[in-house]
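Q: Structure below; questions to follow.
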Amino acid sequence: MQTDQETLLNAALAHVPFDGMNEAALMAGARDIGMSAALARVHFPQGGAGLAAAYHRRADAQLRDWLAATPPATPPEGRLRDRVAGAVWHRLTLVEPELVRAAAATLALPQNAPLGARLVWESADIIWTGLGDRSGDASWYSKRATLSAVISATVLFWLGDDSPGRADSRAFLDRRIDGVMRFETFKTRLRKLPGAAALGDMAFGWIRAPRNRDLPGKTTTR
């Protein structure tokens, strides 16, 4: 059963292609379902940015469920780079380009940029965690930072891609994932050099992943 917030989200999204991801779409959705403007703002106090975040996190929740139901022995199987690429690609199938374009325009505004960055980080965290990453040191951050950059670049390419089946976007994603995995392989080899582990502990040994896997100041939409 949908919550009032989810019902409002769906109603507002129907207006986004015409009004944008903004207060106008939120109020139009509220009118459609007979909800007062005051209550709509209670559900989405950030207005269009809140709508964008809710849409993003709904797809993230679907991705998390998909990863949980997709053990390593079934597709996306094989090398880790293929499973990472498969997860990013599946995440793109869970959203509509027109809505993502509108959300990106809203989140690109200076006052919303921190929220936009946090949302991409959350997606990267869901993917790494869903694929079994249990790192607890600086690697936790580096993996998510590099994958966040890949996701952001791929989404921008995907939004402008008109190739059949968006094949060019998939090729673009595969190239970026290859770069991430080369970086991870380089780090692994570097740690094996004599004295590298001790040096790394001196420089970054104090860094630990958040216990609850959340970023400081993270907000969620329920």
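The values are calculated or read from the model by the stated rules, or taken from the named source; none is laboratory data. Because the structure is predicted, anything quoted here is derived from the model rather than measured. So basically every Cβ, Gly included, is an ideal-geometry build from the backbone, and we count neighbours across all protein chains shown.
Q: Would you please list the contacts, defined by Cβ atoms under 8 Å and residues six or more apart or on different chains, that run from a residue in region 74-96 that is in the same structural domain as Gly165 (by TED's automatic domain parsing) to a residue that is hydroxyl-bearing (Ser, Thr, Tyr) and modelled with pLDDT of 90 or more?
A: The qualifying pairs are Val88/Thr154; Arg91/Ser123; Leu92/Thr154; Leu92/Ser169; Val95/Tyr55.
Q: Right, next: Kindly establish whether Ala38 is part of a helix (DSSP H, G or I), hydrophobic (A, V, I, L, M, F, W, C) and in contact (Cβ under 8 Å) with a residue 12 or more places away in the chain.
A: no
Q: State all residues of region 140-165 that are charged (D, E, K, R) and touching a residue at least 40 places away in the same chain (Cβ under 8 Å); if no residue qualifies, say none. Even if it seems obvious, please write down each step before you answer.
A: We begin by selecting, within region 140-165, every residue charged (D, E, K, R); these are 143-144, 161-162.
Passing the criteria: only Lys143.
Q: Restricting attention to region 167-178, and to residues there that are of a type in the set (Lys, Arg) and either touching a residue at least 24 places away in the same chain (Cβ under 8 Å) or outside any helix (DSSP H, G or I) (or both), which single residue is farthest from Leu92 (Cα to Cα)?
A: Checked region 167-178; the qualifying residue farthest from Leu92 (Cα to Cα) is Arg176.
Q: Which condition number in (1) in contact with a helix residue (DSSP H, G or I) (Cβ under 8 Å, 6 or more places away or on another chain); (2) exposed (fewer than 14 other Cβ atoms within 10 Å of the Cβ); (3) among the polar types (S, T, N, Q) is the one that Thr93 fails?
A: The number of the failed condition is (1).
Q: Kindly indicate whether Thr106 is in the same structural domain as Ala167 (by TED's automatic domain parsing), polar (S, T, N, Q), closer than 30 Å to Trp128 by Cα and not in a loop (DSSP other than H, G, I, E, B).
A: For Thr106, the condition - in the same structural domain as Ala167 (by TED's automatic domain parsing), polar (S, T, N, Q), closer than 30 Å to Trp128 by Cα and not in a loop (DSSP other than H, G, I, E, B) - is met.
Q: Confirm whether Asp65 is touching a residue at least 60 places away in the same chain (Cβ under 8 Å), in a helix (DSSP H, G or I) and farther than 25 Å from Arg182 by Cα.
A: Here the answer is no, as Asp65 does not meet what is asked.
Q: Residue under question is Arg31, and the condition is that it be at pLDDT 95 or above, surrounded by fewer than 15 Cβ atoms within 10 Å (Cβ to Cβ) and over 21 Å from Ser169 (Cβ atoms); does it hold?
A: So Arg31 passes the test.
Q: If you don't mind, another one. Of the conditions (1) surrounded by fewer than 18 Cβ atoms within 10 Å (Cβ to Cβ); (2) under 22 Å from Gly48 (Cβ atoms); (3) of a type in the set (Phe, Trp, Tyr), Trp121 fails just one. Which one is it?
A: Evaluating Trp121 over (1) surrounded by fewer than 18 Cβ atoms within 10 Å (Cβ to Cβ); (2) under 22 Å from Gly48 (Cβ atoms); (3) of a type in the set (Phe, Trp, Tyr) leaves (1) as the failure.
Q: Oh, and also: Filter region 34-70 down to residues that are among the small types (Gly, Ala, Ser), modelled with pLDDT of 95 or more, farther than 21 Å from Ala103 by Cα and in the same structural domain as Ile127 (by TED's automatic domain parsing), then give me how many there are.
A: The total comes to 0.
Q: Turning to a different aspect of this structure: Which condition breaks for Leu119 when tested against (1) assigned by TED's automatic domain parsing to the domain that holds Leu173; (2) modelled with pLDDT of 95 or more; (3) over 15 Å from Ser152 (Cβ atoms)?
A: Status for Leu119: all satisfied but (3).
Q: Find the residue count for region 109-144, including only residues that are under 28 Å from Arg79 (Cβ atoms), of a type outside the set (Gly, Ala, Ser) and part of a loop (DSSP other than H, G, I, E, B).
A: Looking only at that region, the number is 4.
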